[in-house]
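Accompanying notes for the structure given below.
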Amino acid sequence: MKRNEFLKTSTILGSASVLPPNNVFSQSLKETGMDKLTDANGNFALQPLPYAETFLEPSMDQETVHLHYTFHHGDAVKAANKDLEMVKKSIDENSLDTVDYWTKKLSFHLSSHILHTIFWTSLTNKKGSPGGELLKQVEKDFSSFDKLKTLIAKTSKGVDGNGWGILGYQPYTKKLTVLQCENHEKLTQWGVIPLLVIDVWEHSYYLKYRNRRAEFVDNLFPIINWENVADRFNIARKIS
Ligand SMILES: [Fe+2]
């Protein structure tokens, strides 16, 4: 099936979700198979959080969610719009000496917008675990769910500086893969579709956990939204 056909006709996400059905994040993923990153004018836009700011407590406190979503994610969205505008301006005004700078900035800020958008849907407030086709793939690629958890935890905790631990689907090999992403855009494999992302920038945990990143990561595991990961896995396999 071609990507466009799939996006129009996707009905694979019929299972009940723990996220509110009227939320733009979850609604967009269900209806189109894509995360909603832009507004009606095509500008990058911050969508409403898929839950109340207190929803992830006690694993993630309200103040951290508020600051993280409003300012760290929100500012990345604003910056990505500016970066894109400046790339266009550089071309229009033939001032190509600045295009290198703005292109790098756009990569950083848009990657931040993409990963944060996925991040909010990667978490929920009830315990779960992968099942069905996702679990089969996990066992095929990592031997067991426990081994995958160990790998994701180790990878996330070990990021040098700020970054992300990412479980993704690599369409070229048809396998799941775990990435250790620095900043928002480094150390990827081309083609990988993120399914689950763990933000280990200090802004993600420092208010509550101080320097204890490992404890923060361990406390996220019980609230990973495996239904959402499975939805993303199903989409990734069908569009690739
Ligand atoms: Fe973040």
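Some points to look at:
- Number of residues in region 36-48 that are within 18 Å of Asn225 (Cβ to Cβ) and either modelled with pLDDT of 95 or more or open to solvent by 40 Å² or more (accessible area, probe 1.4 Å) (or both): the value is 2.
- Within region 199-230, the set of residues being in a loop (DSSP other than H, G, I, E, B), within 14 Å of the ligand (Cβ to nearest atom) and either in contact with an Asp or Glu (Cβ under 9 Å, 6 or more places away or on another chain) or without any contact (Cβ under 8 Å) to a residue 24 or more places away in the chain (or both) comprises just one member, Tyr205.
- Residue selected from region 49-68 under the condition within 15 Å of the ligand (Cβ to nearest atom) and within 14 Å of Thr117 (Cβ to Cβ), by the criterion surrounded by the most Cβ atoms within 10 Å (Cβ to Cβ): His68
- Of all residues in region 156-192, exactly one satisfies the criterion of being part of a helix (DSSP H, G or I) and open to solvent by 10 Å² or more (accessible area, probe 1.4 Å), namely Lys157.
- Within region 69-102, tally of residues that are open to solvent by 30 Å² or more (accessible area, probe 1.4 Å), part of a helix (DSSP H, G or I), among the hydroxyl-bearing types (Ser, Thr, Tyr) and away from the ligand (no atom under 16 Å from the Cβ): 1
- Residue list for region 145-155, restricted to those being open to solvent by less than 50 Å² (accessible area, probe 1.4 Å) and more than 25 Å from Phe108 (Cβ to Cβ): Phe145, Leu148, Ala153
- You will find that of Ser111, Ser90, the residue that is closer than 22 Å to Thr38 by Cβ and at pLDDT 95 or above is Ser111 and no other.
- Of all residues making up region 115-136, the number that are part of a helix (DSSP H, G or I) and away from the ligand (no atom under 12 Å from the Cβ): 6
- Given (1) in contact with a strand residue (DSSP E or B) (Cβ under 6 Å, 6 or more places away or on another chain); (2) part of a helix (DSSP H, G or I), index of the condition Leu195 fails: (2)
The values are calculated or read from the model by the stated rules, or taken from the named source; none is laboratory data. On a predicted model such as this, the values are computed, not experimentally measured, just so you know. All Cβ positions, even for glycine, are placed from backbone atoms using ideal geometry, and neighbour counts span all protein chains on display. Surface accessibility is based on the protein's heavy atoms, side chains included, excluding ligands, DNA and RNA. Shrake-Rupley method; radii C 1.70, N 1.55, O 1.52, S 1.80 Å.
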